[in-house]
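*Asks:* Here you go, one structure.
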Amino acid sequence: MARYTGPVCRLCRREGAKLFLKGDRCYSQKCAFTLRPNAPGQHGAGRHGKMSEYGTQLREKQKVKRAYGILESQFRKYFDIAAKMKGKAGENLLQLLERRLDNVAFRLGIGDSRAHARQLVMHGHVLVNGKKVDIPSYIVEAGDQIAVAGKSASSEYFKAIKEEGGKGVPKWLEFDTATLAGKVVAIPERDDIDLTIEEHLIVELYSK
């Protein structure tokens, strides 16, 4: 499966926003975007020209793709599905991305970042309704039980999560750090998505 393997901090700098791609480092003073908020490259600091309408729409799409760690073909499939659903296509798109298993694992605090959570899912450390699911793009439903596999729970990494008590999770999810088990309480709403995204720009881009 194709994936981006370069330095992820430059992606945040390119999009002009924190995408939280490196876990705890993104919240520290060592965050590359905090230290150098300009675009990467030799002339990044001098890019101040007005962006075209198309450029603005494209940058918004790239920001969402990079935040969730997916490529163009897969992103387009999500948009096509979202466009056929009831409601607003942009909100439906973000809702689908939030319900990906790798993102849910990240939101529960199982992974430090979405990339780390994706790796944990692919290696079989995450169970859905008691069964191993190693597909990061698996879409969860309301009522699904999410847990760390029994053998995995004994690793030093997951022991540390138990000791630290975990992190706050959005209201559409529940997680018990003592048992490393959680639940999808409801389908996420637009207000549950904490990334700064103007999804209408993506809809406008794909509607051309």
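The values are calculated or read from the model by the stated rules, or taken from the named source; none is laboratory data. As the structure is a prediction and not an experimental result, all values here were calculated from the model. A quick note on method: Cβ atoms are made from the backbone with ideal geometry, for glycine too, and the neighbour counts reach across all protein chains shown. Ligands, DNA and RNA are excluded from the accessible area calculation, which covers all protein heavy atoms including side chains. Shrake-Rupley method; radii C 1.70, N 1.55, O 1.52, S 1.80 Å.
*Asks:* May I ask you to list the GluC sites (Glu not before Pro) in region 126-208 that are in a DSSP loop and have at most 12 other Cβ atoms within 10 Å of their Cβ?
*Replies:* Glu141
*Asks:* Something else: Sorted by average packing, counted as other Cβ atoms within 10 angstrom per residue and highest first, what order do 107-118, 71-82 take?
*Replies:* Result, highest mean Cβ count within 10 Å first: 107-118, 71-82.
*Asks:* Quick one: plug the Kirkwood hydrodynamic radius of region 49-208 (C-alpha pairs) into Stokes-Einstein at 37 °C, 0.692 mPa s, and report D in µm²/s. Intermediate results must be reported in sequence, preceding the final value.
*Replies:* Values: Rh = 16.5 Å.
The calculation lands on 199 µm²/s.
*Asks:* Over region 114-208, with every protein chain in place, what whole percent of the accessible area is carbon and sulfur at 1.4 Å, could you tell me? Can you show the working numbers first?
*Replies:* On the way: 2720 of 5300 Å².
In region 114-208, the share of accessible area belonging to carbon and sulfur is 51 percent.
*Asks:* On to the next question. Asp102: accessible area at probe 1.4 Å, nearest 10 Å²?
*Replies:* Here the accessible area works out near 0 Å².
*Asks:* Please state, to two decimals, what the Cα-based radius of gyration of region 69-128 comes to when divided by 2.2 N^0.38 Å (N = residues).
*Replies:* Working it through for region 69-128, the quotient is 1.22.
*Asks:* From Cα coordinates alone, what are the radius of gyration and Dmax values for region 103-197 in angstrom?
*Replies:* 12.5, 38
*Asks:* Using a 1.4 Å probe, what is the accessible area per residue for region 130-171, in Å²?
*Replies:* 64
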